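Take a look at the structure set out below.
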């Protein structure tokens, strides 16, 4: 049981890392970017191709995936996303869904539809057996890395000047611009960091989740569950939602494998019936 709990926490931390960029763009920038999973897929493929074809070490691939996908996100924000900020949410959904299908088709054409796998370093393989719990080395690595990034992101958003500028820009961009803030640059950096975190999550998750061109469609619903159940006004909500989702998914598939994701969706429905605005969102959905 403790082993399942540990694996569920590791899976939940990975889901949070994959979904946190969507939580930031949705909750802080008020933009629905359903193409977020495509950025995660990009990070995964960057890692797979660098490791399998160029021989780049795994740990070097992680920052490359973060900065490479972040740069791609900044480019797309400047050219494609920015005109959509003022559009209705339905337009944003249709636009980002279109990008998902374009990304899926492009990757399938360029790389192929085969499942991609990576071989993590030897020191991350195997597990520690301690009393009644087996601790997978790679899953422990996921918890440590994702936990450190979560604390860093929370500190940046709540304790730094940039976090204050971002919240001010979201609350009233015209007033923030009148006070001398470069709102466009703030949104650009936020979108780039969110995309980079998705890319890093995809790089970390390639070994656990597998990787194929359908990745953005396969895990889109998980990202949306994390954001809807946890709420997007804080990072605490999505983090707790991701942990609950990870533990429920791992435990449910172990004890009742025939039900598949039924337990996850049931948990989501129950939580949203009790807290329609999310676990940590304020009633009414205000910021």
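Laboratory data are not the source of any read-out in this text; all were calculated from the coordinates shown. The structure presented is a predicted model; accordingly, all values stated were derived computationally and were not measured. So basically every Cβ, Gly included, is an ideal-geometry build from the backbone, and we count neighbours across all protein chains shown.
Things to note:
- Packing around the peptides 79-90, 210-221, 95-106, taken as the average count of other Cβ atoms within 10 Å per residue, puts them in this order, highest first: 210-221, 95-106, 79-90.
- A Gaussian network model of the chain, with springs between Cα atoms under 10 Å, assigns the largest mean-square fluctuation among 91, 249, 129 to 129.
- By the beta-carbon count within 10 Å of each Cβ, the least crowded to most crowded order of 158, 195, fewest first, is 158, 195.
- In terms of the mean number of neighbouring beta-carbon atoms within 10 Å, the peptides 132-139, 14-21, 269-276 order highest first as 14-21, 132-139, 269-276.
- In this simple spin-label approximation, residue 49 and residue 2 carry label points 7 Å from Cα along the Cα→Cβ vector, and these lie 4.4 nm apart.
- Percent of alpha-carbon pairs separated by more than 25 Å within the range 149-267: 37 percent
- Helical runs assigned H by DSSP (4 residues or longer) give the chain a calculated mean residue ellipticity at 222 nm of -24000 deg cm²/dmol, each run adding -39500 (n - 2.57) before division by the residue total.
- Rule-of-thumb Rg ratio for the range 41-139 [Cα; 2.2 N^0.38 Å; N residues]: 1.46
- Cα centroid separation, the range 257-277 to the range 129-151 (Å): 26 Å
- Estimated FRET transfer efficiency (residue 175, residue 125; beta-carbon r; R0 45 Å; 0.05): 0.25
- Additional length obtainable on full extension of the chain from residue 265 to residue 91, 0.36 nm per residue less Cα span: 60.0 nm
- Helix 215-230 and the longest principal axis of the Cα set of the chain meet at an angle near 70°.
- Förster radius 41 Å - calculated FRET efficiency between residue 184 and residue 151 (Cβ-Cβ, nearest 0.05): 0.90
- Counting only Cα atoms, the size of the range 99-174 along its three principal axes is 54, 45, 20 Å, in decreasing order.
- For the peptides 71-77, 181-187, the ranking by packing is 71-77, 181-187, with the highest mean count of neighbouring Cβ atoms within 10 Å listed first.
- Comparing 94, 140, 240 in a Gaussian network model of the chain (Cα springs below 10 Å), the most mobile by mean-square fluctuation is 94.
- Nitroxide proxy distance, nm - points 7 Å out along Cα→Cβ at residue 113 and residue 162: 4.1 nm
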